[in-house]
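Have a look at the structure below before the remarks.
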Amino acid sequence: MKKKLISIDVSIGTYREQLLQLTRLGENHRSSFVCVANVHMLVEAHKDASFAAVVNSADMVTPDGMPLAKGIKLLHGISQERVAGMDLLPDLLSTAGSSGISVFFYGGTRAMLNKTKEYCANHFPLLRVAGLISPPFRPLSEQEKQEDIAEINASGAGFVFVALGCPKQEKWMAAMHGRVHACMIGIGGALPVMIGLQKRAPVWMQKMSLEWLYRLLQEPKRLFKRYAITNTVFIYLFFKQWSRQGFRPVAK
């Protein structure tokens, strides 16, 4: 089940329930894709109807950001847990290892993928990493796309973790839907955090919806404009929708 939050349809369910749904997709090698949604993705979808269509065609759209989880509560009266990519990624790798589901990593630099392979070997000894591709930072030819698809499918991976950044990774997964025989999950910035290239915010900041601020303090030059604009736009759009509802949740 999904509920509309401004411009995207967000999957409803506990963290555990959504983790189990994802595991089933990986076990069945079903061609599917999952968007891990935060405020940035929501605002991008609001600005671009074609991107909104991409996100809303996903099999699952997990509420990565705390503002999305709280928004679901205020707009729909549903107490929704945050289902964050930074939690999902290590949990899915652990589950994949114990369940015999092999995984594939697509995106990021070769150095980051090498560190990812080393990290997985040390922290998830039961996990089979079926392959890693660092695509060039340019549009791929159709032949290159076909070669990547063939390599992923031949690997037998049940999960493909895509680290191309939003909105590129979501558009890539949508284009590969029906062609890649696995569950594709856009993990974005969760991968460099997991392998130790970046630090994650303290738990108290996560609970107070301030994880964005922690990231901003780490990379102020790169992220200031994004957060200054997207957070402001999100607040405006949210209160606009909430006011239409009389500042109360709609019926479940």
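Things worth noting here:
- Within segment 118-208, helices (runs of 4 or more DSSP H) holding 1 or more residues that are open to solvent by 80 Å² or more (accessible area, probe 1.4 Å): 142-155, 168-176, 203-207
- Per the conditions (1) touching an Asp or Glu at 6+ places or on another chain (Cβ under 9 Å); (2) without any contact (Cβ under 8 Å) to a residue 12 or more places away in the chain, the sole criterion not satisfied by N56 is (2).
- Summed over segment 1-20, the residues that are open to solvent by 20 Å² or more (accessible area, probe 1.4 Å), aliphatic (A, V, I, L, M) and not in a helix (DSSP H, G or I) give a count of 3.
- Taking the listed residues S11, S102, the one that is out of contact with any Phe, Trp or Tyr (no Cβ under 7 Å at 6 or more places or on another chain), within 29 Å of T232 (Cβ to Cβ) and modelled with pLDDT of 95 or more is S11, with no other qualifying.
- None of L217, L197, L223, L237 is of a type in the set (A, V, I, L, M), more than 21 Å from the chain's Cα centre (by Cα) and at pLDDT below 90 except L217.
- Of all residues in segment 113-134, those that are more than 16 Å from D91 (Cβ to Cβ) have Cβ atoms under 9 Å from Cβ atoms of residues that are hydroxyl-bearing (S, T, Y) and in a helix (DSSP H, G or I), 6 or more apart or on another chain, in V129/T116; A130/S155; G131/S155; L132/T116.
Results for (1) outside any loop (DSSP other than H, G, I, E, B); (2) in contact (Cβ under 8 Å) with a residue 60 or more places away in the chain, shown as yes or no for each residue.
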{"site": "L75", "(1), (2)": "yes, yes"}
{"site": "I78", "(1), (2)": "no, yes"}
{"site": "D91", "(1), (2)": "yes, yes"}
{"site": "G97", "(1), (2)": "yes, no"}
{"site": "I101", "(1), (2)": "no, yes"}
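- Scan of segment 21-43 for residues that are open to solvent by less than 40 Å² (accessible area, probe 1.4 Å), in a helix (DSSP H, G or I) and either without any contact (Cβ under 8 Å) to a residue 12 or more places away in the chain or over 19 Å from G97 (Cβ atoms) (or both), ordered by number: V39, H40, M41, L42, V43
- Close pairs (8 angstrom Cβ cut-off, 6 or more residues apart or separate chains): closer than 18 Å to G65 by Cα and touching a residue at least 40 places away in the same chain (Cβ under 8 Å) in segment 212-225, open to solvent by less than 50 Å² (accessible area, probe 1.4 Å) and not aliphatic (A, V, I, L, M) anywhere: W212/G65; W212/Y227; W212/N231
- Search result, residues across segment 47-70 that are in a helix (DSSP H, G or I) and touching a helix residue (DSSP H, G or I) at 6+ places or on another chain (Cβ under 6 Å): F51, A52, V54, V55, P67
The values are calculated or read from the model by the stated rules, or taken from the named source; none is laboratory data. Remember, predicted model here, so these are calculated numbers, not experimental data. Note: ideal-geometry Cβ built from the backbone for every residue, glycine included; neighbour counts use all protein chains shown. Heavy atoms of the whole protein, side chains included, go into the accessibility calculation; ligands, DNA and RNA do not. Shrake-Rupley method; radii C 1.70, N 1.55, O 1.52, S 1.80 Å.
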